[in-house]
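The values are calculated or read from the model by the stated rules, or taken from the named source; none is laboratory data. Because the structure is a prediction, the values reported are computed rather than measured. Note: ideal-geometry Cβ built from the backbone for every residue, glycine included; neighbour counts use all protein chains shown.
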Amino acid sequence: MISAPLVGPKIRDRRRALGITQTGLSAELGISASYLNLIEAGKRNIGGSLLKRIAEALGLAVDELDGAAERRLLGNLAELAAEPLLAGLRLDPGAAADLAGRHPAWARALVTLHRAWLERGRAVNALTDRLHQDPFLADAVHDLLTRAAAIRSSAEILEGADGLAADPQRRFVSIVGSESRRLADVAQALAGFFDSARTGTRPGSPADEVEDFLFDHGNYFPALEQAGASVDGPLAAELEASPLLTSDAARRGARGALERYLAAAMLMPYEAFLGAARRLRYDVDALALEFGADLEQVCHRLVTLRRPGSEGIAFGLMRADASGFTSSRAPLPRLPLPRHGGACPLWAVYQAQHSPGAIVRQLAEFPDGERFLFVARLLEKRAPAFPMPRRLVSLMLACDALVADQTVYGEGLDLASAARATPVGANCRVCVRTECAYRQEDPVVGA
Amino acid sequence: MTRVLIAEDDQNIVAALSFVLGRDGFEVSVALDGDEALRALRAAAPDVMVLDLMLPKRNGFEVLKLVKADPALGALPVVVLTAKGQPQDRRLAEQIGADAFMTKPFSNTDVVEAVRRLARR
């Protein structure tokens, strides 16, 4: 049943715009004019076939009429109002409906700005992460200093020795020339790195590009959810044409990811899996047992439950090895995950490495007040031959604390209690918890 | 004649350091990776070693640690060269036993002066 205050005025406005009288529309619908009047005045809730008939009579789709867009807008405004940054303004949640109703364009403008602001925050995190962790930068700086050392040493020899013999003179002039050219190449590569980082066009490694491609699709590919689906055809053409995939390695990686997606979709069909996930309250062990899948397949499948109108809980995912290297990630819009490791050492994904086999759950609270449920477990990948060490990876699912009570992992966790939350950060460089005993370096961006 | 082993993988830096040390009267030998440096040290210990930290096969930290732990080589003075100029790298090198620490791009004069000082010790 649809909330009348949202739908009624919309029916009236549309009817008037079409020049239809209340009597005329009510006759067409087979209801009394007085009942239509109550509906339009927002005093009667409607749904089902009547809503469908009204939509048809007014030449609208049901979802245009049933207030879904308004509800999304209200949800977005509620999200905006919940920003800890705005806590001091004591925004009245009731006024959001008024704003959305009277000035929808202004409301959408606020939501657009809010999203852009969140995106900038993520970009700052990503760039900071890249500046400190990017292997390209580390190599380039090392190369640059090595080239500079060779030039400086050779130049000192050339400028300090009047009686230098012709052979060594030629040799060191040649070194200065060749090293200068190599230095220029390194400097140009560095300049290109910063240029593309500034415009956001450098995605990083092929693996990063694949992740960006998946994230750009909301981790959901409807074409792979149908019976008889294939990675060939339109999807293969999209892989070739996508501007996010800039190398053959990235395109191969994306194709591999889609093939794994397809295999998971066949093993765990969408509707059946979503139904089981809700029934089993997202218990990954129970889901693995029910579908004959392994835990990692189940966790990845949970991330893909993003079909519009039939969505599961929005999960983020992160996989890290013992070195802290992040080998797989699916971020959430409000939870940036590091590309190159170096997240907060307090995160459950790292804590799980001390507890083989155990499920580590954590209510993680970020400095801005955002709270997430983290659930992590250490898994053993295919065992290598003795005497090579075991290959262990830690896998973590994350969801907003607001929906954690829909999962088995939220049970018994007092989600309202601040005292039960673990104070964490994204990583030390962007964390303002200066008193944290786990801090490894000073923050570099805005406290 | 005082013997110096340069353990450095960049040929042009090796050429420049070999030239200035040779011109200053040192007998110079060269190792282009960490393993080669250890073999050279054990075959004929020099009087001073100039050691790059970023060496192929076995990095300079490991070479330094093995040298300082070896009773026959432990007293060998070592000048560390590196593009890793972070304070923690310097602290680590000094803790392991580096006698001098130079960051790239270094001055030839400083390297020769450090080698000369350590050779007299």
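Observations
Yes or no, residue by residue, for (1) among the charged types (D, E, K, R); (2) within 22 Å of the chain's Cα centre (by Cα):
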{"site": "A:208", "(1), (2)": "yes, yes"}
{"site": "A:223", "(1), (2)": "no, yes"}
{"site": "A:226", "(1), (2)": "no, no"}
{"site": "A:233", "(1), (2)": "no, no"}
{"site": "A:247", "(1), (2)": "no, no"}
{"site": "A:267", "(1), (2)": "no, no"}
{"site": "A:286", "(1), (2)": "no, no"}
{"site": "A:289", "(1), (2)": "no, no"}
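- Test: residue in the range B:10-30 that is outside any helix (DSSP H, G or I) and within 11 Å of chain A (Cβ to nearest Cβ): yes
Each row is one residue, and each column tells you yes or no for (1) of a type in the set (Phe, Trp, Tyr); (2) in a loop (DSSP other than H, G, I, E, B); (3) more than 19 Å from residue A:224 (Cβ to Cβ).
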| site | (1), (2), (3) |
| --- | --- |
| A:273 | yes, no, no |
| A:282 | yes, yes, yes |
| A:285 | no, no, yes |
| A:289 | no, no, yes |
| A:300 | no, no, no |
| A:313 | no, yes, yes |
| A:317 | no, no, no |
| A:328 | no, no, no |
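- The one condition in (1) under 23 Å from residue A:79 (Cβ atoms); (2) exposed (fewer than 15 other Cβ atoms within 10 Å of the Cβ) that residue A:325 fails to fulfil: (1)
- Top-ranked residue of the range B:35-68 - restricted to ones that are of a type in the set (Gly, Ala, Ser) and modelled with pLDDT under 90, ranked as farthest from residue B:88 (Cα to Cα): B:44
- Positions within the range B:1-32 being within 12 Å of the chain's Cα centre (by Cα) and closer than 20 Å to residue B:59 by Cα, in sequence order: B:4, B:5, B:6, B:7, B:8, B:9, B:14, B:17, B:29, B:30, B:31, B:32
- Residues that are within 20 Å of residue B:23 (Cα to Cα), surrounded by fewer than 15 Cβ atoms within 10 Å (Cβ to Cβ) and more than 14 Å from chain A (Cβ to nearest Cβ) do occur in the range B:101-119, at least one of them.
- Among the candidates A:319, A:301, A:281, the residue that is basic (Lys, Arg), closer than 22 Å to residue A:425 by Cβ and surrounded by 14 or more Cβ atoms within 10 Å (Cβ to Cβ) is uniquely A:319.
- In the range A:386-441, the qualifying residues are those that are outside any loop (DSSP other than H, G, I, E, B) and basic (Lys, Arg), and the one that is modelled with the highest pLDDT is A:420.
- Within the range A:249-273, the only residue that satisfies the criterion of being touching a strand residue (DSSP E or B) at 6+ places or on another chain (Cβ under 9 Å) and under 14 Å from residue A:297 (Cα atoms) is A:270.
- Within the range B:45-55, the set of residues being among the hydrophobic types (A, V, I, L, M, F, W, C) and part of a loop (DSSP other than H, G, I, E, B) comprises B:45, B:53, B:54, B:55.
- Residues that are outside any loop (DSSP other than H, G, I, E, B) and either out of contact with any Gly (no Cβ under 9 Å at 6 or more places or on another chain) or farther than 26 Å from residue A:411 by Cβ (or both) within the range A:361-373 comprise A:362, A:364, A:365, A:371, listed in sequence order.
- Residue, surrounded by the fewest Cβ atoms within 10 Å (Cβ to Cβ), within the range B:56-100, restricted to residues that are part of a loop (DSSP other than H, G, I, E, B), away from chain A (no Cβ under 14 Å) and not small (Gly, Ala, Ser): B:71
- Restricting attention to the range A:142-190, the residues being within 49 Å of the chain's Cα centre (by Cα) and either outside any helix (DSSP H, G or I) or of a type in the set (Val, Ile, Thr) (or both) number 5.
- Residue within the range B:78-92 that is touching a residue at least 12 places away in the same chain (Cβ under 8 Å), of a type outside the set (Val, Ile, Thr) and farther than 25 Å from residue A:141 by Cβ present: no
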